[in-house]
Amino acid sequence: MKVMYVKLSDCSGCMISFLEALMSNSNIELIYCPNILDRRDIDEAEDADIGFVSGSVCAEFDEHMESLKKMREKCEKIVTVGSCACVGGITRFCRGNQPPQPYHRTFLPIADVVKVDYSIPGCPASAEILKKFLNAYIAGNNKYLIPFKNLARKKRASGQDLQDEIVAKGLCVGCGMCALSCPVEAIEMIRGKPEVRMDKCIRCGTCYFRCPRNFLKLRKENAEVI
């Protein structure tokens, strides 16, 4: 299987997870990844079966916007990796350069620019989940891929969404997965229920995606995704 990988505006954590997953699978040929391969021009790259993108895209950076659109043309499927690529994540707070050139910058999730087929959230995305996704995709295990396909339609995710859609509706079972998965410890379990400190929340959506009550509905084909 021929694979492309493009890293945009992120911390590189998702790329490290992806490379770890890649090393465990001998059925994958990485044909384009400018961070580790000599080939830099995406126009010279051959078509791929699937393309992975990590990081959000800066709307004012024409080079990244063009690379993303060309990647969509060359790849049969596109997968966003990590919360920045899936829903914007912490880059939603970014405003660009420092003085003396304080230009405003707008960072967008990948689905705002091109069609996305699958999303693998996380901050960073787990190497173990990436391994399982790759194995399922190669094997044609479409049932396993359903949640990732549904997540590609998710436009936003944060601790506030967890509170509104799970806790406030009485669906929370108090398992604590959200608090355990939060990368910035913005969630505290109080009397068996999660309380989110929005002043610490980075809008990565990891808590929302790791919640088992939320994930159950995502296993259904064409599940409703807000």
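Here, each number is a calculation from the coordinates, and none is a lab measurement. Just so it is clear, the structure is predicted and the values come from calculations on it, not from any experiment. All Cβ positions, glycine included, derive from the backbone under ideal geometry; neighbour counts span all protein chains shown.
Here the dipole of region 159-218 is about 180 debye; that uses its Cα centre as origin and unit charges on the Cβ of Lys and Arg (positive) and Asp and Glu (negative).
Looking at region 187-226, which GluC sites (Glu not before Pro) are DSSP coil and have at most 10 other C-beta atoms within 10 Å of their C-beta?
Values: sites: Glu188, Glu195, Glu221, Glu224; in loops: Glu221, Glu224.
The qualifying sites are Glu221, Glu224.
Between 0 and 90 degrees, the angle of helix 13-23 with respect to the longest Cα principal axis of the chain falls at about 60 degrees. Along region 161-172 the Karplus relation, 6.51 cos²θ - 1.76 cosθ + 1.60 evaluated at θ = phi - 60°, assigns HN-Hα couplings of 5, 4, 5, 6, 8, 10, 5, 5, 8, x, 8, 5 Hz to successive residues, with x for each Gly and Pro. Within straight-line reach of Lys74, meaning a Cα separation under 12 Å, sit the following aspartates and glutamates at least 8 residues removed in sequence or on another chain: Asp43, Glu44, Glu46, Asp47, Asp49. Grab the other residues whose beta carbon is less than 15 angstrom from that of Pro194, score K and R as +1, D and E as -1, and report the net. Spelling it out: positives minus negatives among the neighbours equals +1. Of the residues Gly13, Leu162, Val3, the one whose Cα sits farthest towards the positive end of the charge dipole of the chain is Leu162 (charges of +1 on Lys and Arg Cβ, -1 on Asp and Glu Cβ, taken about the Cα centre).
Bridges between two residues of the chain, per DSSP, are antiparallel at a rate of about 30%. Applying the criteria of a DSSP loop state and at most 13 other Cβ atoms within 10 Å to the trypsin sites (Lys or Arg not before Pro) of region 142-222 yields Lys155, Lys169, Arg191, Arg197, Lys200, Arg219, Lys220.
Tell me which GluC sites (Glu not before Pro) from region 41-149 have a DSSP coil assignment and no more than 15 other beta carbons within 10 Å of their own. Working shown, then result.
Numbers: sites: Glu44, Glu46, Glu60, Glu63, Glu66, Glu73, Glu76, Glu128; in loops: Glu46, Glu60.
The qualifying sites are Glu46, Glu60.
Gyration tensor analysis over the Cα atoms of region 124-226 returns equivalent ellipsoid semi-axes of 25, 15, 12 Å (largest first, whole Å). Given the choices (1) 16.9, 57; (2) 23.0, 77; (3) 17.7, 58, Rg and Dmax of the Cα atoms in Å derived from the coordinates of this structure is entry (3).
Result for the chain in a Gaussian network model with C-alpha springs under 10 Å: among Phe93, Phe18, Phe133, the largest mean-square fluctuation is at Phe93. The magnitude of the dipole of the chain, with charges of +1 and -1 set on the Cβ of Lys/Arg and Asp/Glu and taken from the Cα centre, is near 1000 debye. In order along region 42-56, phi translates into HN-Hα couplings of 5, 5, 7, 6, 7, 5, 10, 6, 8, x, 10, 10, 10, x, 7 Hz, rounded to whole numbers, per the Karplus curve 6.51 cos²θ - 1.76 cosθ + 1.60 with θ = phi - 60° and x for Gly and Pro.
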